[in-house]
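Inspection log for the structure reproduced underneath, given as C-alpha cells.
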Amino acid sequence: MNTSSSHTIPDLTDIFAYVDAHRQEFLDRLIDYVRRPSISAHGQGIGEVAAYIANVMQRMGLQTHILPTAGWPMVLGERLDAPGGPTVLLYGHYDVQPPEPLDAWISPPFEPTIRNGRLYARGVGDNKGQHFAQLLALESLLACRGALPCNVRFLLEGEEEVGSPHMPEFVREHRAEVMANLVITSDGPVHESGRSQILFGVRGILSFELRAKGANRDLHSGNWGGVAPNPLWTLVHLLATMKDAHGHVTIAGFYDNVLPLSELEREALARLPIDVERVKQSLDLRQLDQPLERGFAERLSAWPTFTINGLHGGYGGQGSKTVLPHEAFARCDIRLVEAQSADEIFAKVVSHVRRHAPGVEVIHQGSMEPSKTPLDSPFTKPLRRAIEAAQGIEPLLVPAMGGSLPDYVFTKTLGIPAFVVPYANADEANHAPNENLEVERFFMGIKTGAAMLAYIAAM
Ligand SMILES: [Zn+2]
C-alpha cells in the first residue's frame, strides 16, 4: 500500500469509457456464459463450465488452475502485477440452482433473453453475471493500463448452491494460494431501495431435529389417551421451554457470546432506508415478531434466532383421525451471530434438552459459522469511495445480512476481512423462475469492480 500518495483519487475515465465502448461485446459474452447450464445439484454441465470459465480467465492473463475437490472443482486464477502491493481475493461461484419449475419461465432458463432492459437466464444474477462483471473489470483494466493496480486472486466455487460442502477444507488446504489482504464477493442483490450496499457479515446457521418417541406404535386416543404419553405434547412442552413469549431464547447461556453492536454499526443500521409499514402490509402482518421494540435492521444483523421450521407427527389428512401418535419431530434452525459458534450453541441445545426432556433425541443436521468484519476496517473507505466513483452514490453499510454464506472461511480460517458488494437488482429472482439481471447493473458492476481495485491500490 502506497502511504506516500495516500488520498490519491484514481482517475478512471479511460476505464469507464472502455466499458461503455464494449457494452455489446461484454453483453454477448455474458449471454454465451449463461446459456451453459452448470447445475451443482446433479452435476449437469459443471465440468464444461469450469473449463469454459477457466479458459476465459487464462485468456485474460490470469494464471489459472482447475483444482479438484471431493465434489465439484474450484477454479482459481491469479495475477500478481503489484509486488509489495495489496492482494485482493475475488470470490464467486460458477454453479447455478436447478431451473425447475420450467413452465413458470417466460423464456427458457438456458436461452438467455433480454426484455425491458433485463437479461433473463438461470444464474445470470446468482452468480455468473456478477463474477463475470468482476472478470471484465480485470480485462478492462488490463486493456487500458497493461497491468492490474493490485494483485488479484480469483476463486470460483462449483458447489455454492449446494451449501459449499468443500470450501472449508479447500481453503485450509490451499491457504497460501488463496491468501490475500481482503476478499470481495459480488453476490446477492443490492438494497431493496436500489442503492448499492457493502455487507460486512453474515449470520451463521445451525440446523437440527428434535425427535420424541411414545409407544412402539400409533394408538387409539380413546383407549390409550391418558395412559400412553403423547410425543407431540412432549415436543410442545420442550419447545415452550426454549423460547418465551417475549422472543427471548431461554436456552441457558444462549446469548453469552453475542457481541453487542458497535457505535458505527448502530449508526449504519439507523441509516438503512426501511419502510416497516410497507413490509408489514406486503406480508399481511399486523405486527413484527417479538421483541416488538427491536429495530427492523437490527433484528436481521445483530440477533440470533430460534426458528421451528416444522413440527410433524400424527394425522394431518382430511377429516379427523383420533390417533395418539407414537412419534413426533421438530425441525429447527438457529441463526447465529458473531461471536457465537455452531458447536457451542449445539452443546447448549443438547444440554437443555437433556435437562427438560431427557427422552428426546437431538440430531445435528448441519451448520455454518457466522462471520463479521468490523465497519472501521481500513478497506471500508476505499471501497465506499470506489462504489461512489462508479455509481455516483455512496453505498449503504450493512453490518451483517440475515442469511448465511461461508464467509467464515475467509474471516476465521484465513483471518482476513470479507466484504460482499452485490451488483444484482433486488428483484433478481435468484433461485426462482425468471431469474434476471438488469443490463445496466451488469455494466455498473464492471465499472465498480475496476474502481474497487484501483481505490484499494491507491490507499
Ligand atoms: Zn444462490
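Check the straight Cα-Cα distances from Lys213 and name the lysines below 21 Å, setting aside those fewer than 8 residues away within the same chain.
Lys321
Could you give the distance between the Cα centres of the stretch 300-352 and the stretch 365-438, to the whole Å?
If you average the Cα positions of each part, the centres end up 28 Å apart.
For the chain, what does the helix formula give at 222 nm: sum of -39500 (n - 2.57) over DSSP H segments with n ≥ 4, over the residue count, nearest 500 deg cm²/dmol?
Working: 14 runs with 146 residues, N = 459.
Roughly -9500 deg cm²/dmol at 222 nm, from the helical runs in the chain.
What lysines does Lys243 reach when the alpha-carbon gap must be under 19 Å and sequence neighbours fewer than 8 apart in one chain are set aside?
Lys348
For the stretch 293-392, report the accessible area per residue in Å² (1.4 Å probe, heavy atoms, rounded to an integer).
Here the per-residue accessible area is 47 Å².
For a test of the definition: using alpha carbon positions, the gyration tensor, and the 1.5 limit on a/c, classify the stretch 20-65 as rounded, prolate or oblate.
oblate
Loop-only check: which trypsin sites (Lys or Arg not before Pro) in the stretch 221-290 are DSSP coil with at most 10 other Cβ within 10 angstrom?
Details: sites: Lys243, Arg266, Arg271, Arg278, Lys280, Arg286; in loops: Arg286.
Those that pass, being in a loop and sparsely packed, are Arg286.
How would the stretch 104-214 be classified by its alpha-carbon gyration tensor: rounded, prolate or oblate, with rounded meaning a/c under 1.5 and the a/b versus b/c comparison settling the rest?
In terms of gyration-tensor shape, oblate.
What is the gain in length, in nm to one decimal, between Asp427 and Ile9 on full extension, counting 0.36 nm per residue of separation less the C-alpha to C-alpha distance?
On the way: separation 418, 0.36 × 418 = 150.48 nm, distance 3.33 nm.
Contour length minus Cα-Cα distance gives 147.2 nm.
Going by the alpha-carbon gyration tensor, a ≥ b ≥ c the square roots of its eigenvalues, is the stretch 82-165 rounded (a/c under 1.5) or, if a/c is not under 1.5, prolate (a/b greater than b/c) versus oblate?
Verdict is oblate for the stretch 82-165.
Quick one: what are the phi-derived ³J(HN,Hα) couplings along the stretch 155-170, Karplus 6.51/-1.76/1.60 with θ = phi - 60°, whole Hz, x for glycine and proline?
10, 10, 8, x, 9, 4, 6, 10, x, 6, x, 10, 4, x, 5, 4
Can you work out D for the chain in µm² s⁻¹ from Stokes-Einstein, where Rh is the Kirkwood radius over C-alpha pairs, the temperature is 10 °C and the viscosity is 1.306 mPa s?
Value of D from the Cα-based Kirkwood radius: 66 µm²/s.
Would you mind giving the average projected area, over all directions, of the Cα convex hull of the stretch 346-459 in nm² with one decimal?
10.6 nm²
Write down the radius of gyration of the stretch 330-395 and its Dmax, each obtained from C-alpha positions, in Å.
Cα only, the stretch 330-395: 20.0, 60 Å (Rg, Dmax).
For the stretch 185-296, just the Cα atoms, rotate onto the principal axes and tell me the three extents in Å, largest first.
On the principal axes, the stretch 185-296 reaches 63, 34, 30 Å in Cα extent.
With a 1.4 Å probe and every protein chain left in place, tell me how much accessible area Leu80 has, in Å² to the nearest 10.
Ignoring ligands and nucleic acids, Leu80 comes out at about 90 Å².
Between Asn257 and Arg115, how many nm apart are label points set 7 Å from Cα along the C-beta direction?
Here the modelled spin labels are 4.7 nm apart.
For Cys144, Cys332, write out the residues from largest to smallest accessible area, computed with a 1.4 angstrom probe and no ligands counted.
Descending order: Cys144, Cys332.
Which net charge results for the neighbourhood of Gly117, defined as the other residues with beta-carbon distances under 12 angstrom from its beta-carbon, given Lys and Arg at +1 and Asp and Glu at -1?
Working: positive: Arg115, Arg118, Arg441; negative: Glu438, Glu440.
Combined, the nearby Lys, Arg, Asp and Glu give +1.
Tally up the carbon and sulfur contribution to the accessible surface of the chain as a whole percent, 1.4 Å probe, everything protein left in place. Walk me through the numbers before you get to the answer.
Numbers: 10400 of 19930 Å².
Taking all protein chains in place, the chain shows 52 percent carbon and sulfur surface.
State, as an integer percentage, the relative contact order of the stretch 69-196 based on alpha-carbon contacts under 8 Å between residues 6 or more apart.
The normalised contact order for the stretch 69-196 reaches 45 percent.
Net charge near Ala418, counting Lys/Arg +1 and Asp/Glu -1 over other residues with Cβ under 13 Å of its Cβ?
-2
Given contacts defined as C-alpha pairs under 8 Å and at least six residues apart, what's the relative contact order of the chain, whole-number percent? Each step should come with its number before you reach the end.
On the way: 942 pairs, mean separation 123.1, N = 459.
Once divided by the residue count of the chain, the mean separation gives 27 percent.
In whole Hz and in residue order, list the ³J(HN,Hα) couplings for the stretch 98-106 that follow from phi through the Karplus curve 6.51 cos²θ - 1.76 cosθ + 1.60, θ = phi - 60°; x for Gly and Pro.
Couplings: x, x, 4, x, 5, 6, 8, 7, 6 Hz.
What percent does the relative contact order of the stretch 365-459 come to when contacts are Cα pairs within less than 8 Å and at least six residues apart?
That works out to 37 percent.
The values are calculated or read from the model by the stated rules, or taken from the named source; none is laboratory data. The structure presented is a predicted model; accordingly, all values stated were derived computationally and were not measured. Here the Cβ is made from the backbone with ideal geometry for all residues, glycine too, and neighbour counts use every protein chain on show. When the accessible area is computed, the model is the full protein with side chains, heavy atoms only, and any ligands, DNA or RNA have been set aside. Shrake-Rupley method; radii C 1.70, N 1.55, O 1.52, S 1.80 Å.
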